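Colleague: Below is the structure I would like to discuss, written out as structure tokens.
The values are calculated or read from the model by the stated rules, or taken from the named source; none is laboratory data. Keep in mind it's a predicted model, so treat the numbers as computed, not measured. For neighbour counting, all protein chains shown are included, and Cβ atoms are generated from backbone atoms with ideal geometry for every residue, glycine included.
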Amino acid sequence: MFARISGTGHYLPNARLTNQDLEQRVDTSDAWIRERTGIRERRIAGADETVVTMSKIAAQQALQAAQLDAADLDMIIVATTSAERAFPSAACELQHALGVTEIPAFDVGAACAGFMFATSIADQYIRNGQARHILVVGADVLARLCNPNDRNTIVLFGDGAGAMVLSANETCGIHSTHLHSAGEFADLLGSGHANPRSDASGQVPGANEEAWLYMKGSEVFKVAVKKLSQLVTETLAHNQLEQGQLDWLIPHQANRRIIEATAKKLSMPMERVVMTLEYTGNTSAASVPIALDVAIRDGRIQRGQRLLLEAFGGGFAWGSALVTY
């Protein structure tokens, strides 16, 4: 049994933060940002928008595309590291927002790679016959975790949500998923809790400083390129495929240079790589499902084509999925 992509959807907030806007806030320039990242603008969630509200819209689109109702779902998995609450999970809140109950709903935290981890979990449940339809969502509001004075992070991250319904199918779907983590790199990319523990006096020391997202860009870049290169080789070898047998690469939208390095490893022209980061920025766990949905809806991705989805994020955590759409 395969887990087949039966529907996709995505949501991006209306508010735009352009490179020109950032020029007025930090020591940076449009040219500097575009040269190093490929990003021109990113979407920023409004005060009334959360991981759950964005996920609901993306999920409804995915269900409509799959011609299913929320009541048909057997499970909901949300990949996020920026939900409003530590608990209950964003998935439980999304479950309620969609008007369903009882089915298992839980979050997966693997930073930007979260959607790949959630996809792998869903794939296992469908493969072993425990579920027929699973909603997988990637959603983050990491722009809120960026120090407004830190040009290394504020230029990168945007907000959004992407959703995918996986359904049991006897002929095609996900062929394999591949997951890895390396906790020894934790000091290169991460974020503290928004509400850190108080000290003995009951005060919360440096709450904002502890919560801001931190990133050592050049070190992250080097590890990401190396690990994603190895991941591509592993995925192809496992499925006994040659590079030219892939139709599309749907990568995590973090940095154009990382994406180009991955495409080069696959000997894949950039015309066969789905890119949205120019206008979305890095939407973390949402970036792969957003890019996937965009390319499906504009007609580039067609049924029967072979896709490679991959992402790399804090942890470090990285993963891939080979899929026949």
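Colleague: Given the criteria surrounded by fewer than 11 Cβ atoms within 10 Å (Cβ to Cβ), closer than 27 Å to residue 238 by Cβ and at pLDDT 90 or above, does residue 173 qualify? Please lay out each step first, then the result.
Modeller: Numbers: surrounded by fewer than 11 Cβ atoms within 10 Å (Cβ to Cβ): no; closer than 27 Å to residue 238 by Cβ: yes; at pLDDT 90 or above: yes.
No, not satisfied.
Colleague: Taking the condition of being of a type outside the set (Ser, Thr, Tyr), touching a residue at least 24 places away in the same chain (Cβ under 8 Å) and under 19 Å from residue 285 (Cβ atoms), how many residues in the range 117-142 meet it?
Modeller: Of the residues in the range 117-142, 14 are of a type outside the set (Ser, Thr, Tyr), touching a residue at least 24 places away in the same chain (Cβ under 8 Å) and under 19 Å from residue 285 (Cβ atoms).
Colleague: Looking at the range 1-43 only, could you name the residues that are among the aromatic types (Phe, Trp, Tyr) and either closer than 17 Å to residue 286 by Cβ or touching a strand residue (DSSP E or B) at 6+ places or on another chain (Cβ under 7 Å) (or both)? So that I can check it myself, show each step before the final result.
Modeller: First, pick out the residues of the range 1-43 that are among the aromatic types (Phe, Trp, Tyr): 2, 11, 32.
Listed by number, the residues that qualify are 2, 11.
Colleague: A further question on this structure: How about the range 126-145: which of its residues are surrounded by fewer than 24 Cβ atoms within 10 Å (Cβ to Cβ) and closer than 17 Å to residue 84 by Cβ?
Modeller: 144, 145
Colleague: Oh, and also: Filter the range 261-282 for residues that are of a type in the set (D, E, K, R) and surrounded by fewer than 16 Cβ atoms within 10 Å (Cβ to Cβ) and give the result. Talk me through it step by step, then tell me what you get.
Modeller: Initial filter on the range 261-282 (of a type in the set (D, E, K, R)): 264-265, 271-272, 278.
Hits for the range 261-282 are 264, 271, 272, 278.
Colleague: Here's another thing I want to ask about it. Across the range 13-57, which residue is surrounded by the fewest Cβ atoms within 10 Å (Cβ to Cβ) among those that are within 23 Å of residue 68 (Cβ to Cβ) and not hydroxyl-bearing (Ser, Thr, Tyr)? Give the derivation first.
Modeller: Going residue by residue through the range 13-57, those that are within 23 Å of residue 68 (Cβ to Cβ) are 51-57.
Subset that is not hydroxyl-bearing (Ser, Thr, Tyr): 51-52, 54, 56-57.
Working: 51: 30, 52: 24, 54: 30, 56: 22, 57: 17.
Applying the filter and picking the extreme gives 57.
Colleague: Also, I was wondering about something else. In the range 74-93, is there at least one residue being surrounded by fewer than 16 Cβ atoms within 10 Å (Cβ to Cβ) and more than 20 Å from the chain's Cα centre (by Cα)?
Modeller: Yes, the range 74-93 has at least one match.
Colleague: Limited to the range 52-64, what total is found for residues that are over 14 Å from residue 290 (Cβ atoms) and of a type in the set (A, V, I, L, M)?
Modeller: So the first thing to find is which residues in the range 52-64 are over 14 Å from residue 290 (Cβ atoms), and the list is 52-53, 56, 60, 63-64.
Now drop any that are not of a type in the set (A, V, I, L, M), which leaves 52, 63.
Count: 2.
Colleague: Out of the residues in the range 210-232 that are charged (D, E, K, R) and part of a helix (DSSP H, G or I), which is farthest from the chain's Cα centre (by Cα)? Break it down stepwise before answering.
Modeller: First, the residues of the range 210-232 that are charged (D, E, K, R): 210, 216, 219, 222, 226-227.
Narrowing further to those that are part of a helix (DSSP H, G or I): 210, 219, 222, 226-227.
Numbers: 210: 24, 219: 21, 222: 20, 226: 20, 227: 17 Å.
It comes out as 210.
Colleague: Now for a separate question. Looking at the range 233-325, what strands (runs of 3 or more DSSP E) fall wholly within it and have at least 1 residues that are touching a residue at least 12 places away in the same chain (Cβ under 8 Å), polar (S, T, N, Q) and within 21 Å of residue 140 (Cα to Cα)? Give the derivation first.
Modeller: Values: elements: 248-251, 306-313, 317-324.
In the range 233-325, the matching strands (runs of 3 or more DSSP E) lie at 317-324.
Colleague: Name the residues in the range 20-59 that are over 18 Å from the mean Cα position of the chain (by Cα) and closer than 20 Å to residue 275 by Cβ, would you?
Modeller: Correct list: 30, 31, 32, 33, 34, 35, 36, 40.
Colleague: Still on this structure, I have one more. Need pairs with beta-carbon distance below 8 Å; first residue at negative phi and within the range 172-184, second assigned to a helix (DSSP H, G or I) and surrounded by fewer than 16 Cβ atoms within 10 Å (Cβ to Cβ); sequence gap 6+ or separate chains.
Modeller: 176/238; 178/234; 178/238
Colleague: With the condition being among the aliphatic types (A, V, I, L, M) and either under 14 Å from residue 139 (Cα atoms) or free of Cβ contacts under 8 Å to residues at least 12 places away in the same chain (or both), I'd like the helices (runs of 4 or more DSSP H) fully within the range 1-116 carrying at least 1 qualifying residues. Show your work before the answer.
Modeller: Numbers: elements: 19-23, 30-37, 51-66, 90-97.
Of the helices (runs of 4 or more DSSP H) lying wholly inside the range 1-116, those with at least 1 residues that are among the aliphatic types (A, V, I, L, M) and either under 14 Å from residue 139 (Cα atoms) or free of Cβ contacts under 8 Å to residues at least 12 places away in the same chain (or both) span 30-37, 51-66, 90-97.
Colleague: Looking at this structure, is residue 186 surrounded by 13 or more Cβ atoms within 10 Å (Cβ to Cβ), modelled with pLDDT of 85 or more, of a type outside the set (Asp, Glu) and not in a loop (DSSP other than H, G, I, E, B)?
Modeller: No.
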